[in-house]
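Notes to accompany the following structure.
The values are calculated or read from the model by the stated rules, or taken from the named source; none is laboratory data. Quantities reported herein were computed from a predicted structural model and do not represent experimental measurements. Here the Cβ positions follow ideal geometry from the backbone for every residue, glycine too, while neighbour counts run over all protein chains shown.
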Amino acid sequence: MTASVHEPAVWTSGREKIDWARRFMPVTAALSAQLRASGIVAGRRIGLSLVLEPKTANLALSMAAAGADVSVVCDGACTRDDVAAALRQAGIAVFAQADGDRDIDRRLALEFLDRGLDILVDDGSSVIRLAHAERPELLGTLIGASEETTSGLWPLHTMSREGRLRIPVIAANDARCKTLFDNGYGTGQSTVLTMVDLLGTTLTAKAVAVAGYGYVGRGVARAVSALGARVTVAERDPVKALEALHAGFAVAPLTEAAAAADLLISATGVAHTIDLEHLLSLPDGAAVAVAGGVDQEIGIDAVVAAGARRRTVGHRVEAFDLPNGRSILILDDGNCINCTAGEGNPIEIMDLSFGVQLLAIEYLVTSGTELPPGVHPLPASADNRVAQAKLDSLGVRIDGAGEHR
């Protein structure tokens, strides 16, 4: 059952976790203090559609402290009930419950939208797309949105090209202080450590195949290599494949890489990256997981339709008995494993990402009404502000612009 705000042991536990995370979020603290001093978000209705855990809670509370009317929505798989209870106790409207199924998640998302928002911060663009499909009448008062992920931006770019995107969306994911650190370091570390924890094994001398060598794929390959694995990268882009070779990794087609893998990881954010042919080529006992991810990035429905039998063998670990006689393990039902089975990205990494989101909110409030519908970059000056806030918190000084010339 969903935790109640009236259960002190529940919301107190959540508050303690939020307080702990806050100690490591100096960028969020500094930039939200600037927004509070400026007063520009006071009274604005700001909705956060993000993984509901302590780091996100600090973003919500910082916006509320700056005077915004904040609400939060999250699907059940990514909701921490104690954190949700702590936010409710603090007066934040929360539309999430950890035991929610798809129907409950959808109902709560619609209730979240029905509050009427000025700014929406989304993760995966699911709520942006839901608003276009189910609540188009609310888009007229929505100044704009900010999107957190690579996989979330892809459908928005498609909607924009086809003339179906009716609001401006800031590509927060593409900001350097998000992509370079969140995608490149945080996701690699947190997803790989969660996979190792679920498997209860080491990666020393094991063969790991990584599908995709974008920022997330680079981080995953670096993390598994640091843990002693032998890494093979599968990548369709010849430049990225060459980059993987220069980084010291083997490169091969995905089916070939899978055939020798102890662990196969998708890092593309594209549905059916690991499909039936790849699953059938895996050795007996191999494991499969997703770093980041979208629905059916591992073709689970396809392999079940082909006759595979699935059975639970551990916490968020299922064995799939394949029609070719082999048995493989799929972790966390192919979900975004660090969010649904772990603790998400490291706090300091998300502090940078939330700094980017705070400045995306600021940009939308100050300039959003002047932006046409479509996907827009965050001004480069925002990256500089986020990075400078982090450097200041570390006591690191750098040369000023124009020096050493």
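Yes/no per residue for (1) more than 22 Å from the chain's Cα centre (by Cα); (2) under 29 Å from Pro8 (Cα atoms):
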site: Leu35; (1), (2): yes, no
site: Ile40; (1), (2): yes, no
site: Arg102; (1), (2): no, yes
site: Asp118; (1), (2): yes, no
site: Val121; (1), (2): no, no
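Can you name the residue in region 212-265 that is among the β-branched types (Val, Ile, Thr) and more than 14 Å from His278 (Cβ to Cβ) and, of all such residues, is surrounded by the fewest Cβ atoms within 10 Å (Cβ to Cβ)?
Taking region 212-265 as the starting set, the residues that turn out to be among the β-branched types (Val, Ile, Thr) are 216, 220, 224, 231-233, 239, 251, 255, 265.
Those left that are additionally more than 14 Å from His278 (Cβ to Cβ): 216, 220, 224, 231, 233, 239, 251.
Values: Val216: 29, Val220: 30, Val224: 25, Val231: 25, Val233: 27, Val239: 9, Val251: 18.
That would be Val239.
Looking at (1) out of contact with any Lys or Arg (no Cβ under 6 Å at 6 or more places or on another chain); (2) outside the structural domain of Glu147 (by TED's automatic domain parsing), which is the only condition Ala319 fails?
Every condition holds for Ala319 apart from (1).
If you scan region 268-292, which residues turn out to be free of Cβ contacts under 8 Å to residues at least 60 places away in the same chain and within 16 Å of Leu203 (Cβ to Cβ)?
Scanning region 268-292 gives Pro283, Gly285, Ala286, Val288.
Regarding Ala175, is this residue crowded, with 24+ Cβ neighbours inside 10 Å, within 30 Å of Asn384 (Cβ to Cβ) and under 24 Å from the mean Cα position of the chain (by Cα)?
Values: crowded, with 24+ Cβ neighbours inside 10 Å: yes; within 30 Å of Asn384 (Cβ to Cβ): yes; under 24 Å from the mean Cα position of the chain (by Cα): yes.
Yes; evaluated as a whole, the condition is true for this residue.
Please return the ranges of strands (runs of 3 or more DSSP E) entirely within region 143-228 where 1 or more residues are under 18 Å from Leu364 (Cα atoms) and touching a His at 6+ places or on another chain (Cβ under 6 Å). Quick ask: steps written out before the conclusion?
On the way: elements: 144-147, 168-170, 207-211.
Because the criterion is at least 1 residues that are under 18 Å from Leu364 (Cα atoms) and touching a His at 6+ places or on another chain (Cβ under 6 Å), the strands (runs of 3 or more DSSP E) in region 143-228 that meet it are 168-170.
Residue-by-condition table, conditions (1) crowded, with 18+ Cβ neighbours inside 10 Å; (2) in the same structural domain as Val356 (by TED's automatic domain parsing):
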| site | (1), (2) |
| --- | --- |
| Ala133 | no, yes |
| Leu138 | no, yes |
| Thr141 | no, yes |
| Ala145 | yes, yes |
| Thr158 | no, yes |
| Gly163 | no, yes |
| Val169 | yes, yes |
| Met195 | yes, no |
| Thr204 | no, no |
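Have a look at Ala85, Ala64, Ala77 and point out the one that is free of Cβ contacts under 8 Å to residues at least 60 places away in the same chain, on the phi < 0 side of the Ramachandran plot and assigned by TED's automatic domain parsing to the domain that holds Val356. Can you show your working first?
Working: Ala85 fails: free of Cβ contacts under 8 Å to residues at least 60 places away in the same chain; Ala77 fails: free of Cβ contacts under 8 Å to residues at least 60 places away in the same chain.
On inspection, the qualifying residue turns out to be Ala64.
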